[in-house]
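The values are calculated or read from the model by the stated rules, or taken from the named source; none is laboratory data. Please read all numbers here as calculations on a predicted model, not as lab measurements. Glycine also receives a Cβ, built like all others from the backbone with ideal geometry; neighbour counts cover every protein chain displayed. Keep in mind that these areas ignore ligands, DNA and RNA; they rest on the heavy atoms of the full protein, side chains included. Shrake-Rupley method; radii C 1.70, N 1.55, O 1.52, S 1.80 Å.
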Amino acid sequence: DLVPSYYAISYRWEKTSKSGKIFINGQEFPVYPNVESILKDMRSPFRPLLVWIDQVCINQEDRAEQAKQVAMMGEIYKNSLRVI
């Protein structure tokens, strides 16, 4: 299967509340402030970017999905255009 080009983001988890917010398909999505900051810093007015970041791409309420995705993170990072 063809996988679209994407950037992977590695960041430090915070033990704060999800006081930041982003919008995904027009829906507000709560995130940690550092996740909000890096996503805002990365966005471009000239071209869309496809980004993988675990807080958004992994259902944090589903332990089985978390385990499966965490096991794949090495491949996710390896196959990205760049890890930020």
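Considering only residues in region 8-34 that are more than 18 Å from residue 76 (Cα to Cα) and of a type in the set (A, V, I, L, M), the one that is surrounded by the fewest Cβ atoms within 10 Å (Cβ to Cβ) turns out to be 24. Evaluating residue 74 against the criteria (1) modelled with pLDDT under 90; (2) of a type outside the set (S, T, N, Q); (3) open to solvent by less than 80 Å² (accessible area, probe 1.4 Å); (4) out of contact with any strand residue (DSSP E or B) (no Cβ under 7 Å at 6 or more places or on another chain) leaves one unmet condition, (1).
A single entry from 47, 82 fulfils the requirement of being of a type in the set (Lys, Arg), farther than 17 Å from residue 13 by Cα and either in contact (Cβ under 8 Å) with a residue 40 or more places away in the chain or in contact with a Pro (Cβ under 7 Å, 6 or more places away or on another chain) (or both): 82. Could you say which residue among 66, 60 is open to solvent by less than 60 Å² (accessible area, probe 1.4 Å), at pLDDT below 90 and over 17 Å from residue 8 (Cα atoms)? None of the others qualify; the one that does is 60. Remark: pairs (first residue in region 19-34, over 17 Å from residue 59 (Cβ atoms) and polar (S, T, N, Q); second residue in a loop (DSSP other than H, G, I, E, B) and open to solvent by less than 90 Å² (accessible area, probe 1.4 Å); Cβ separation under 9 Å; 6+ apart in sequence or on different chains) = 19/32; 34/11; 34/14; 34/16.
This table checks each residue for (1) farther than 18 Å from residue 4 by Cα; (2) assigned to a strand (DSSP E or B); (3) not aliphatic (A, V, I, L, M).
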residue: 18; (1), (2), (3): yes, no, yes
residue: 22; (1), (2), (3): yes, yes, no
residue: 38; (1), (2), (3): yes, no, no
residue: 45; (1), (2), (3): yes, no, yes
residue: 48; (1), (2), (3): no, no, yes
residue: 56; (1), (2), (3): no, no, no
residue: 61; (1), (2), (3): yes, no, yes
residue: 64; (1), (2), (3): yes, no, no
residue: 80; (1), (2), (3): no, no, yes
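So is residue 5 modelled with pLDDT of 90 or more, assigned to a helix (DSSP H, G or I), open to solvent by 50 Å² or more (accessible area, probe 1.4 Å) and not β-branched (Val, Ile, Thr) or not? Considered against the rule, which asks whether it is modelled with pLDDT of 90 or more, assigned to a helix (DSSP H, G or I), open to solvent by 50 Å² or more (accessible area, probe 1.4 Å) and not β-branched (Val, Ile, Thr), residue 5 comes out as no. For region 24-36, the tally of residues that are assigned to a loop (DSSP other than H, G, I, E, B) and of a type in the set (Val, Ile, Thr) stands at 0.
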